[in-house]
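Notes follow the structure.
What follows is calculated from the coordinates using simple rules that are stated; it is not laboratory data. Predicted model only: the values in this text are computed from it and were never measured. Glycine gets a Cβ as well: all are built from the backbone with ideal geometry, and neighbour counts include every protein chain shown.
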There are 2 protein chains.
Amino acid sequence: MTDQAAGPDPGRRPTMVDVARAAGVSLKTVSRVANGVPTVRADLAERVRDAMAELGFQRNNVAANLRSGRTTATIGLIILDLANPFYSTIAAAAAAVAERFDTQLITASSGWDAVRERELVLDLCERRVDGLIVAPTGDDQSYLGAEIARGMPAVFIDSPPSGCLADTVLIDNRTGTRDLIRRLLAEGHREIGVITDSLNDFTMRERLAGAAEALEEAGIETGRHFRRIYSDRPHDAGDAVGAMLDSSEPPTALFCGNNRILLGAVEELARRRDRTRLAAFDDFEFAKLLPRPVTVVGYDTRTLGRLAAELVFQRLRRPRSAPANYVVPTYLVDRGMAADPA
Amino acid sequence: MTDQAAGPDPGRRPTMVDVARAAGVSLKTVSRVANGVPTVRADLAERVRDAMAELGFQRNNVAANLRSGRTTATIGLIILDLANPFYSTIAAAAAAVAERFDTQLITASSGWDAVRERELVLDLCERRVDGLIVAPTGDDQSYLGAEIARGMPAVFIDSPPSGCLADTVLIDNRTGTRDLIRRLLAEGHREIGVITDSLNDFTMRERLAGAAEALEEAGIETGRHFRRIYSDRPHDAGDAVGAMLDSSEPPTALFCGNNRILLGAVEELARRRDRTRLAAFDDFEFAKLLPRPVTVVGYDTRTLGRLAAELVFQRLRRPRSAPANYVVPTYLVDRGMAADPA
DNA sequence: TCCAGGACAGACAACGTTGTCCCCAGTACA
DNA sequence: TGTACTGGGGACAACGTTGTCTGTCCTGGA
């Protein structure tokens, strides 16, 4: 039982027409009050505001937007998996920027499915979002070319697009990995295992390339201890580690291409009580609690999300500027704890 | 330089009127084709589709929605912090349900700010989202009463609302904590430290209440080793742990109210090489890598998000059913590794 | 007293789409 | 041949708001 002041129809939302009728003014005056236009006589404005409160009026922004044109105050963010902290951090940072522009974020996960990625982009375009941030998974983003030509701000993150030109914000995967492998080499390691997952992924290809650069510099045969796994389950990474350690010439150091691989490696090494030197791409909050020392490549994920969102709003202001390509720097950081008292 | 087939105005998006003109049919026929109405002659439909492709037509769903009424195929999710894995997992699970209904999620973080929470809710209502999922932070959600009365599906997660009646999906904080403390008691611990953060938080109050229940059952003075910290920085939790351990009667077991507190406690204990028994609310992926054994209260965050979203769509179908109150069960799980070889 | 000009309210059209209705052609049947 | 029916296309209004323009009232100066 609602005790609302009875409007014309309890289920229906009141419109400006209802407010105008209740306040005894014209529709347009209600619109003026709702938009804070100053040239409304104080007593009328007062009556309108009272009527609004009485009826519980809320402007329909869908309609307002349709009439007044160009902005829905919404930007679309398409990522691979929102449950992954890497992407959720990006989303949070982008949302923080959007908040400054009174804009909301529609976030959708493509789940590594190129068809879905495309569907999501087109859906968001039909919703007339003001801009798009896309972490691409497919190797063809040409479907966005027409949108971009029409002025839709589009920013690609983590991987560059194929088949269209757009702003990008990438992580310096190659340099980060190269520096990390150099560190291992400087420590005297010569047999360095490298574990990646699918090389369909731009970022993983770049990391592998960075590792190869460092190894070649040192005159070490590339690919000697290279293992690729085909899932993102840490357990499979553990198996790969086990196979390497059981080989006739086991590596003395291991580079894990991402933090899920690291997770599997740590577990496997702990199981074996093996002290092989560990290093990995990706820093994460709990890394400092790992039971063994690990050197990781860190980078500021928030910066990535922030830059991407700022690029969207920048392009919204100046649509026809040349594409910008930002690279988020990486750094090395030592994590983990000594496993046993020194 | 675009090589698009020139429309009337390169910047403007083509509308159904443009398509109709290009295809030599009426606007309404274009609408019919766009909506897959079967009673369109095949050759006309073909011409319309060709014209659409030619012009790169994309329906404006904002306008379609305004005319045809009730659904924006969007639901709003208001959480405390998207960067927190707890909430991003919920968001991902809710989005997965939404996907089944061809609906997108607008996700916004209130950042523990009750004013912003309210602003966000009202903003989303003005955007005419089809439903809301809210993790409340303030202690007054009465502003949503009018919306709910008008038929807006609203589901509260993690904490119940105050001042209005709505569906809820909560975690069984109390039972989970009680069972965990019982476990510690069964192990023989009598001096059990309890560390929480702000008790303004419903969940933390419930966890504390669960701990108190278990202690009272065992005839142990409640609050003897209770410490409250006032930030979510793990470092402060570490300080609290240090203070307890340095007291004249240090606890032999510690319960951490959430995983951030646990993080601080683990660091502090590792620093001191202290073997105090650890337990905590919240499981998380890397918990298994903690350098010491920890028993945690786990629960399925995905279930929480899934149930919340399903409730929204359920209520969308049957608006006037009684509020549902779901409780996600908890379970105990042992995590972490032995710190040193046995 | 008259007129110019400013302040402000309201009528009307428009945004891009869909719902409703009507009309026309074609067909079947008496 | 006339009527009833049906399939299908189009004209028009409508969704709820804002942009544009017009009209009215009031004030002040000559």
Exercise for review: Please express the Cα-Cα pair-distance distribution P(r) of the range A:263-342 as a list of whole percents, one per 5 Å bin, running from 0 to the bin with the greatest distance.
Suggested key: 3, 13, 19, 15, 11, 9, 8, 7, 6, 4, 3, 1, 0
Practice item. Enumerate the calculated ³J(HN,Hα) couplings along the range B:159-174 in order (Karplus 6.51 cos²θ - 1.76 cosθ + 1.60, θ = phi - 60°), each rounded to whole Hz, writing x wherever the residue is Gly or Pro. Key: 9, x, x, 10, x, 7, 9, 7, 4, 9, 10, 10, 9, 7, 4, 5
Practice item. Kindly work out what percent of the DSSP beta bridges joining two residues of the protein assembly as shown are antiparallel, to the nearest 5. Key: 15
Check your understanding: What does the helix-only formula give at 222 nm for chain A: each DSSP H stretch with n ≥ 4 adding -39500 (n - 2.57), the total divided by the residues, and the result rounded to the nearest 500 deg cm²/dmol?
Key -> -13000 deg cm²/dmol
Study note, to complete from the structure: If B:MET152, A:MET337 are placed from fewest to most neighbouring beta carbons inside 10 Å, the sequence is A:MET337, B:MET152
Revision key, fill the gap. at B:PRO293 the sorted inter-copy label distances (label 7 Å from Cα on Cβ side), in nanometres, are 2.9
Point to revise | Cα pair distances exceeding 39 angstrom across the protein assembly as shown, given as percent | key: 43
Review point. What is the gain in length, in nm to one decimal, between A:ALA146 and A:ARG21 on full extension, counting 0.36 nm per residue of separation less the C-alpha to C-alpha distance?
Key: 40.5 nm
Practice item. Taking each label point as 7 Å beyond Cα in the direction of the beta carbon, state the distances from A:ALA64 to the same residue in the other copies, shortest first, in nm. Key: 2.5
Revision key, fill the gap. Inter-chain shielding metric for A:68-81, i.e. average beta-carbon neighbours from other chains within 10 angstrom, reads 1
Study note, to complete from the structure: Here the gain from full extension of B:ALA324 to B:ALA209, 0.36 nm per residue of separation minus their alpha-carbon distance, amounts to 39.0 nm
**Study point:** Neighbour cut-off at most 13 other Cβ (10 Å), DSSP loop, trypsin sites (Lys or Arg not before Pro), the range A:41-132
**Key:** A:ARG41, A:ARG70
Review point. How far apart are the B:ASP43 label points across copies, placing each 7 Å from Cα toward Cβ, in nm, shortest first?
Key: 6.8
**Study point:** Cβ-Cβ FRET estimate between A:ASN200 and A:VAL333, R0 fixed at 22 Å, reported to 0.05
**Key:** 0.20
Study note, to complete from the structure: Rounded to 0.05, the calculated FRET efficiency for the beta carbons of B:ARG317 and A:GLU217 at R₀ = 56 Å is 0.30
Check your understanding: How about A:LYS288: which lysines have a C-alpha closer than 17 Å to its C-alpha, ignoring those fewer than 8 places off in the same chain?
Key -> B:LYS288
Study note, to complete from the structure: Computed from the beta carbon distance with a Förster radius of 22 Å, FRET efficiency for A:ARG275 and A:GLU191 to the nearest 0.05 stands at 0.95
Review point. When every alpha-carbon pair in chain A is counted, what percent end up more than 28 Å apart?
Key: 55
Point to revise | Label point at B:LEU165 placed 7 Å out along Cα→Cβ; residues across the range B:313-335 whose backbone nitrogen lies under 16 Å | key: B:319-326
